[in-house]
Amino acid sequence: MLENDAISASRFLSKFAKLMRHILENSKHELVTLENEIEFVNEYLFIQQLRFDESFKYEVVFEEQGEEASQIMIPPMLSQPFIENAIDHGIRNIDREGIVKVLFSIRNENLIVTIEDNGVGFYHKKQGHQKLKDHKSTGVENTRQRIKILAGEYKTMDLFEIRDLNRENPAKTGTIITFAIPLIYA
């Protein structure tokens, strides 16, 4: 819009409006289908990709054969705060193409959600700033609590893990967030 590119501006506004409708619709429900959540994540990542001049690629995958994403129910927008952090804190200011991967898989009666980026890493210290691990993100903390409550309510695995790839292998960069939520069928 700032560059008077009417076609790109129209495309962005159209996608943004669709994303907002999706958010408003999902906010009415305690659970949505995994298929719906995957569609939301793709819309969100597409908008972010446009916003940052396509400086990153993304991939959203449900890797289970024989499972129907339309039959699995999950709380809406659980992965969004982590995807937002992957973009804003991980890949936004790197000097190479960023990558964000969102993977949904099934393990032991749980839906496992993994968000991976190739950014600076969770514990990267920016000059003059506290370590990111000391920062308490409201979205991340709220989501972590939602995951803990679900695990207790359904008596399932309480998994929430943040891994800094650079700490595991100095040649790698990026962060992997993994969490489990109970497998609930429609």
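Couple of notes before you dig in:
- In region 4-42, the residue that is surrounded by the most Cβ atoms within 10 Å (Cβ to Cβ) out of those that are free of Cβ contacts under 8 Å to residues at least 24 places away in the same chain and part of a loop (DSSP other than H, G, I, E, B) is ASP5.
- From the options SER14, SER70, SER27, SER55, residue that is modelled with pLDDT under 95, among the polar types (S, T, N, Q) and in contact with a helix residue (DSSP H, G or I) (Cβ under 6 Å, 6 or more places away or on another chain): SER70
- Scanning region 71-95 for residues that are under 9 Å from GLY119 (Cα atoms) and out of contact with any Gly (no Cβ under 8 Å at 6 or more places or on another chain) yields a count of 1.
- Across region 165-186, the number of residues qualifying as out of contact with any helix residue (DSSP H, G or I) (no Cβ under 7 Å at 6 or more places or on another chain), crowded, with 19+ Cβ neighbours inside 10 Å and farther than 11 Å from ASN110 by Cα comes to 1.
- Residue count for region 138-169, restricted to those that are of a type outside the set (A, V, I, L, M) and in contact with a Ser or Thr (Cβ under 9 Å, 6 or more places away or on another chain): 6
- Scanning region 139-162 for residues that are more than 15 Å from the chain's Cα centre (by Cα), loosely packed, with under 13 Cβ neighbours inside 10 Å and part of a helix (DSSP H, G or I) gives GLN145, ILE149, GLY152, GLU153.
- Flag if SER105 is of a type in the set (Gly, Ala, Ser) and under 18 Å from ARG144 (Cα atoms): no
- Selection of region 33-66 for residues being hydrophobic (A, V, I, L, M, F, W, C) and over 16 Å from the mean Cα position of the chain (by Cα) yields LEU50, PHE52.
- Test: residue in region 115-128 that is buried (at least 16 other Cβ atoms within 10 Å of the Cβ), aliphatic (A, V, I, L, M) and at pLDDT below 95: yes
- When residues of region 151-170 are limited to those that are of a type in the set (A, V, I, L, M) and at pLDDT 90 or above, the one farthest from LEU103 (Cα to Cα): LEU165
- Within region 164-186, if we keep just the residues that are in a strand (DSSP E or B) and more than 16 Å from SER79 (Cα to Cα), the residue that is nearest to the chain's Cα centre (by Cα) turns out to be ASP164.
The values are calculated or read from the model by the stated rules, or taken from the named source; none is laboratory data. Nothing here was measured: the structure is a model prediction, and the numbers come from that model. Methodologically, a virtual Cβ is constructed for each residue, glycine included, from the backbone with ideal geometry; neighbour enumeration extends over all protein chains shown.
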